[in-house]
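**Q** This structure is in structure tokens; I'll ask about it shortly.
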Amino acid sequence: MNPQNHHSSTSTSTSAFSALAAYGWDADWADAFAPYAAEGLLPGRVVRVDRGQCDVVTADGTIRADTAFVTPHDPMRVLCTGDWAAVEPAGNPRYVRAYLPRRTAFVRSTSSKRSEGQILAANVDHAVVAVSCGADLDLGRIERFLALAWESGAQPVVVLTKADLVPDPVTRSYLVQDVETAAPGVPVLTVSAEQGDGLDTLAAVLGGGTSVLLGQSGAGKSTLANALLGTDVMDVQAVRDVDGKGRHTTTTRNLLALPGGGVLIDTPGLRGVGLWDAGSGVGQVFAEIEELAERCRFHDCAHESEPGCAVRAALEAGELPERRLESYRKLQRENQYIVAKTDARLRAEIRKEWKRKGAAGKAAMEAKRGRLR
Ligand code: GDP
Ligand code: ZN
């Protein structure tokens, strides 16, 4: 049975449970929902939000509901795709009265002056980073996506797509090994949506929760989504990239139940990940560097030329690739820049630091010139 075609109006809690299980409902959500159930409100998962309204999948089918009660000023607390909502059982319009506390959240930092983010997807368990086997491997980019994934609270999974373009198993395993060096604690799978290889394994991984697909345009996300869904729900390139903003047609659902279990979220904003704040996620991507850094003699070691630097020692011993350290620094700088853009106080501090460094540099230059003279 396709769980999306749920039109029956069963209302006993057991059947509600099984109808919603396909959308990720579990005993913990049910516990959290108990006070709302006591008020007679219906549980449902938000599949789409737009202009004051949203679509919520409930045991009674999909309901169009008003979001006036769950649209506060703080953009982080606005209802979003993936939330578990408490919907009024009747009325015109029917209102979403509340939503359950989020387990995880994908947040994009806004370009506004206030340091508030924009919430893109809630309650995501797996962040699938799609990487094409058909393009040159860009480990730095993969690390960037992984940082964003960890930051959300979701478990990242790297999927090397278009595996049919690398038919030689030895070459394929080298690709996987390369990616693994950039992805500690992250499973790396290979799939070919075209030929079906690896889809079962991926479907099994995603069967345990809610997933999002991340990755560069052209990485094969839409094709993969269609293969997983078994239908052409996602428009491969044509429609989506008309305005270059990765938008789907307006009728598309942003959250779909997968036939093999699990749920896939594909909101338009999630694809344009250019301005995310990776925050503490960066540390998790470079876990081995952070571990080494704890053994540096100085607590604030910059791993440049300080004595007793464990990071430089590992570099010199060939245990840590130079590329990893450079990528780590780059992501940290980039992240600091993004945070600074939205945080005036931090921005001022960074400016002061630049000035101080600039002045110190200038003084050093002048001292040098003085010596030369
Ligand atoms: P997206 O931008 O990440 O959603 O990528 P698309 O799904 O639109 O795919 C980009 C291109 O890669 C399209 O031309 C697809 O036909 C192609 N592609 C996707 N999956 C595969 C695959 O498994 N094998 C091959 N050879 N090509 C694929
Ligand atoms: Zn150090």
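**Q** Could you list all residues from region 129-165 that are buried (at least 18 other Cβ atoms within 10 Å of the Cβ), assigned to a loop (DSSP other than H, G, I, E, B) and within 16 Å of ligand 1 (Cβ to nearest atom)?
**A** Cys133, Lys162
**Q** Need pairs with beta-carbon distance below 7 Å; first residue free of Cβ contacts under 8 Å to residues at least 12 places away in the same chain and at positive phi and within region 321-334, second loosely packed, with under 14 Cβ neighbours inside 10 Å and in a loop (DSSP other than H, G, I, E, B); sequence gap 6+ or separate chains.
**A** Close Cβ pairs satisfying both conditions: none exist.
**Q** Looking at region 289-331, which of the residues that are surrounded by 13 or more Cβ atoms within 10 Å (Cβ to Cβ) and not in a helix (DSSP H, G or I) is farthest from ligand 2 (Cβ to nearest atom)? Step through it out loud before you land on a result.
**A** Of the residues in region 289-331, the ones surrounded by 13 or more Cβ atoms within 10 Å (Cβ to Cβ) are 289-293, 295-296, 301, 303, 306, 309-315, 320-321, 323-325, 327-331.
Next cut, not in a helix (DSSP H, G or I) only: 295-296, 301, 303, 306, 309, 320-321.
On the way: Arg295: 8, Cys296: 3, Cys301: 3, His303: 4, Glu306: 6, Cys309: 3, Leu320: 11, Pro321: 16 Å.
Filtering region 289-331 for residues that are surrounded by 13 or more Cβ atoms within 10 Å (Cβ to Cβ) and not in a helix (DSSP H, G or I), the one farthest from ligand 2 (Cβ to nearest atom) comes out as Pro321.
**Q** Given region 49-88, what strands (runs of 3 or more DSSP E) lie entirely inside it while holding 2 or more residues that are surrounded by fewer than 24 Cβ atoms within 10 Å (Cβ to Cβ) and out of contact with any Phe, Trp or Tyr (no Cβ under 9 Å at 6 or more places or on another chain)? Explain how you work it out, then say what you get.
**A** Working: elements: 53-58, 61-66, 84-87.
Hits in region 49-88: 53-58, 61-66.
**Q** Continuing with this model, one more query. Which is without any contact (Cβ under 8 Å) to a residue 24 or more places away in the chain and not basic (Lys, Arg), of Pro184, Pro169, Pro156?
**A** On the way: Pro184 fails: without any contact (Cβ under 8 Å) to a residue 24 or more places away in the chain; Pro156 fails: without any contact (Cβ under 8 Å) to a residue 24 or more places away in the chain.
Answer to the check: Pro169.
**Q** Same structure, new question: Restrict the check to region 278-288 and report whether at least one residue is at pLDDT below 95, among the hydrophobic types (A, V, I, L, M, F, W, C), away from ligand 2 (no atom under 16 Å from the Cβ) and farther than 28 Å from Asp83 by Cβ. Before you say what the answer is, go through the steps one by one.
**A** First, pick out the residues of region 278-288 that are at pLDDT below 95: 278-288.
Adding the requirement that they be among the hydrophobic types (A, V, I, L, M, F, W, C) leaves 278, 282, 285-287.
After this cut, where a residue has to be away from ligand 2 (no atom under 16 Å from the Cβ) as well, the list is 278, 282, 285.
Then keep just the ones that are farther than 28 Å from Asp83 by Cβ; that gives none.
Within region 278-288, none of the residues are at pLDDT below 95, among the hydrophobic types (A, V, I, L, M, F, W, C), away from ligand 2 (no atom under 16 Å from the Cβ) and farther than 28 Å from Asp83 by Cβ.
**Q** Oh, and also: Filter region 222-242 down to the residues that are within 12 Å of ligand 1 (Cβ to nearest atom), at pLDDT below 85, of a type outside the set (A, V, I, L, M, F, W, C) and surrounded by fewer than 18 Cβ atoms within 10 Å (Cβ to Cβ) and list them by number.
**A** Within region 222-242, Asp232, Asp235, Gln237, Asp241 meet the criteria.
**Q** Still on this structure, I have one more. Of (1) assigned to a loop (DSSP other than H, G, I, E, B); (2) among the acidic types (Asp, Glu); (3) surrounded by fewer than 14 Cβ atoms within 10 Å (Cβ to Cβ), Glu194 satisfies all except one. Which?
**A** (3)
**Q** Could you please give the count of residues in region 187-221 that are in contact (Cβ under 8 Å) with a residue 40 or more places away in the chain, more than 10 Å from ligand 1 (Cβ to nearest atom) and among the aliphatic types (A, V, I, L, M)?
**A** Counting residues in region 187-221 that are in contact (Cβ under 8 Å) with a residue 40 or more places away in the chain, more than 10 Å from ligand 1 (Cβ to nearest atom) and among the aliphatic types (A, V, I, L, M) gives 6.
The values are calculated or read from the model by the stated rules, or taken from the named source; none is laboratory data. No experiment lies behind these values; they were computed from the predicted model shown. Heads up, the Cβs are rebuilt from the backbone with ideal geometry, glycines too, and the neighbour counts pull from every protein chain shown.
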